[in-house]
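The values are calculated or read from the model by the stated rules, or taken from the named source; none is laboratory data. As the structure is a computational prediction, the values presented were derived from the model and not from experiment. FYI the Cβ positions are ideal-geometry reconstructions off the backbone, even for glycines, and counts take in every protein chain you see.
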Amino acid sequence: MDIFQALTMLGGLSLFLFGMNIMGETLEHSAGDRLKATLGKMTSGRAAGFLTGCGVTAIIQSSSATTVMVVGFVNSGLMTLRQAINVIMGANVGTTITSWILSLGGIDSSSLWVKLLKPSSFTPILAFIGIILYMSCKEGRKKDGGMILLGFATLMFGMDTMSSAVSGLADIPAFRQLFLMFTNPLLGVLAGAALTAVIQSSSASVGILQAFAVTGQISYGAAIPIIMGQNIGTCITAVLSSIGATKNARRAAFVHLAFNAIGSAILLGAFVLAKTLFAPALLNNAASGFGIALSHTVFNLMCVLILMPMAPLLEKMAMKAIRDSHVSDKAGERYCSLRSQ
């Protein structure tokens with residue numbers, strides 16, 4: 001890779017992250033109050049909480065934003081910890097919609113109708129409509145709609161730019177060695193967690209993995225552990241948002257981390273066992289953008305299926321990890337009363 005390819009890749013990455021950020025922030029701004037009201041009202045039951053978390057996250061394209069909202073609700077007493085657990089599980093599934101949208105870029109067919117599904121076909125039209133709405137409207141939903149379309153177009157253009165820049169990396173031995181290293185599941189998990197913690201978005205992190213998949217050098221054996229790590233790394237946003245909050249808010253952030261970490265540990269163990277005992281040929285196949293999106297969705301659904309029945313246990317773990325300090329509070333009250341005498 002020469003300096004121009006490296007700069008092109010970094011430029012594409014910048015546009016991708018910027019577009020995702022603009023689109024997510026505008027969606028949250030334009031529908032934020034309604035989404036918050038929905039989160040507050042439709043979380044009474046397990047299924048309702050899960051579906052609400054899934055739907056809200058699919059709309060705003062960010063499980064981190066949904067989880068931060070949940071932490072805020074728990075902090076203000078508008079949502080119980082048990083309700084928060086169900087919403088957090090739904091948010092993990094809802095965030096996978098982004099990877100499916102990005103996977104459309106890999107569609108290859110001579111059919112006109114199939115070609116129209118490719119983002120490269122409709123992105124310029126969306127960008128044109130978006131700039132007209134943005135420049136012709138002073139404020140309100142139409143202007144926000146223009147920003148959302150521009151954000152999406154920028155995101156997809158960045159994705160295409162990244163994919164084009166890295167396509168030549170397949171011929172570089174050092175690059176092939178790098179992704180061979182990630183066939184070690186533990187290294188893959190650590191790499192996925194670190195990247196996602198830095199950019200604070202599992203959707204963006206999965207998108208970057210999909211962009212690199214065009215090189216044909218990333219096997220499913222390397223991609224799946226990275227996806228598992230990405231789910232752990234995305235917890236950093238909720239953890240940071242809970243600093244200085246109430247104990248219940250910190251417990252909600254703890255549940256988010258525990259859910260993703262335990263789910264990843266269980267499925268990583270199953271993955272390593274299957275790889276050791278059966279050595280399925282599929283794991284050696286080159287991962288595609290579609291395959292990464294499917295793996296991301298299946299992984300999150302399996303985590304929910306395994307851990308949703310254990311929601312009461314997760315709640316107990318959070319209560320034990322972050323205990324109520326009744327003794328110290330009473331001691332503080334006695335100290336204050338003595339000082340005032």
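The conditions are (1) farther than 16 Å from residue 165 by Cβ; (2) at pLDDT 80 or above; (3) buried (at least 20 other Cβ atoms within 10 Å of the Cβ), and residue 43 fails exactly one of them. Which is it?
Status for residue 43: all satisfied but (2).
So is residue 220 over 21 Å from residue 95 (Cα atoms), buried (at least 17 other Cβ atoms within 10 Å of the Cβ) and modelled with pLDDT of 85 or more or not?
Judged against the criteria, residue 220 is not a match.
Starting from residues that are among the small types (Gly, Ala, Ser), outside any helix (DSSP H, G or I) and touching a residue at least 60 places away in the same chain (Cβ under 8 Å), keep the ones in segment 269-324 and report whichever is surrounded by the fewest Cβ atoms within 10 Å (Cβ to Cβ).
So the residue we want is 286.
Taking segment 197-223, which residues are of a type outside the set (Ser, Thr, Tyr) and outside any helix (DSSP H, G or I)?
Within segment 197-223, 200, 216, 217, 218 meet the criteria.
Residue by residue through segment 62-96, note down the ones that are assigned to a helix (DSSP H, G or I), touching a residue at least 40 places away in the same chain (Cβ under 8 Å) and hydrophobic (A, V, I, L, M, F, W, C).
The answer is 65, 68, 70, 71, 74, 81, 84, 85, 87, 88, 89, 93.
Which of the residues belonging to segment 1-15 are surrounded by fewer than 15 Cβ atoms within 10 Å (Cβ to Cβ) and either outside any loop (DSSP other than H, G, I, E, B) or within 27 Å of the chain's Cα centre (by Cα) (or both)?
3, 4, 6, 7, 10, 11, 14
Output the qualifying pairs, or none if there are none: Cβ atoms under 8 angstrom, residues six or more apart or on different chains, first residue in segment 179-201 and farther than 27 Å from residue 18 by Cα and among the charged types (D, E, K, R), second residue at pLDDT below 90 and assigned to a loop (DSSP other than H, G, I, E, B).
Close Cβ pairs satisfying both conditions: none exist.
Of everything in segment 189-209, what is hydroxyl-bearing (Ser, Thr, Tyr) and modelled with pLDDT of 85 or more? Give them in sequence order.
The answer is 196, 205.
Where the second residue is modelled with pLDDT of 85 or more and surrounded by fewer than 23 Cβ atoms within 10 Å (Cβ to Cβ) and the first is under 17 Å from residue 214 (Cβ atoms) and of a type in the set (Ser, Thr, Tyr) and lies in segment 143-166, which pairs have Cβ atoms under 6 Å and are six or more apart or on separate chains?
Listed by first residue and then by second, the contacts come to 161/12.
Just one of the numbered conditions (1) over 17 Å from the mean Cα position of the chain (by Cα); (2) surrounded by fewer than 17 Cβ atoms within 10 Å (Cβ to Cβ); (3) under 23 Å from residue 145 (Cα atoms); (4) at pLDDT 80 or above is not true of residue 38; which one?
Against the list (1) over 17 Å from the mean Cα position of the chain (by Cα); (2) surrounded by fewer than 17 Cβ atoms within 10 Å (Cβ to Cβ); (3) under 23 Å from residue 145 (Cα atoms); (4) at pLDDT 80 or above, residue 38 comes up short only on (4).
Can you name the condition, by its number, that residue 186 falls short on among (1) under 19 Å from the mean Cα position of the chain (by Cα); (2) modelled with pLDDT of 90 or more; (3) of a type outside the set (Val, Ile, Thr)?
Of the numbered conditions (1) under 19 Å from the mean Cα position of the chain (by Cα); (2) modelled with pLDDT of 90 or more; (3) of a type outside the set (Val, Ile, Thr), the odd one out for residue 186 is (1).
Cβ contacts < 7 Å: first residue within 15 Å of residue 79 (Cα to Cα) and buried (at least 18 other Cβ atoms within 10 Å of the Cβ), restricted to segment 47-58; second residue modelled with pLDDT under 85 and hydrophobic (A, V, I, L, M, F, W, C), any location; separation 6+ or different chain. Result?
Going by the 7 Å Cβ cut-off, the qualifying pairs are 52/39; 52/42.
Given the criteria surrounded by fewer than 24 Cβ atoms within 10 Å (Cβ to Cβ), closer than 19 Å to residue 264 by Cα, within 15 Å of the chain's Cα centre (by Cα) and among the hydroxyl-bearing types (Ser, Thr, Tyr), does residue 196 qualify?
Judged against the criteria, residue 196 is not a match.
Determine if segment 133-152 includes at least one residue that is over 25 Å from residue 282 (Cβ atoms), at pLDDT 80 or above and not in a helix (DSSP H, G or I).
Yes.
Among the residues of segment 260-294, which ones are under 24 Å from residue 49 (Cα atoms) and of a type in the set (Ser, Thr, Tyr)?
264
Could you tell me whether any residue of segment 278-300 is at pLDDT 90 or above, out of contact with any Gly (no Cβ under 7 Å at 6 or more places or on another chain) and more than 30 Å from residue 156 (Cα to Cα)?
No, the conditions are met nowhere in segment 278-300.
Which condition does residue 25 not pass, out of (1) charged (D, E, K, R); (2) at pLDDT 70 or above; (3) surrounded by fewer than 16 Cβ atoms within 10 Å (Cβ to Cβ), if it passes all the others?
(3)
Listed here are the residues, each with its yes/no results for (1) surrounded by fewer than 16 Cβ atoms within 10 Å (Cβ to Cβ); (2) at pLDDT below 90; (3) among the aliphatic types (A, V, I, L, M).
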{"site": "70", "(1), (2), (3)": "no, yes, yes"}
{"site": "73", "(1), (2), (3)": "no, yes, no"}
{"site": "84", "(1), (2), (3)": "no, yes, yes"}
{"site": "89", "(1), (2), (3)": "no, no, yes"}
{"site": "102", "(1), (2), (3)": "no, yes, yes"}
{"site": "116", "(1), (2), (3)": "yes, yes, yes"}
{"site": "126", "(1), (2), (3)": "no, yes, yes"}
{"site": "130", "(1), (2), (3)": "no, no, no"}
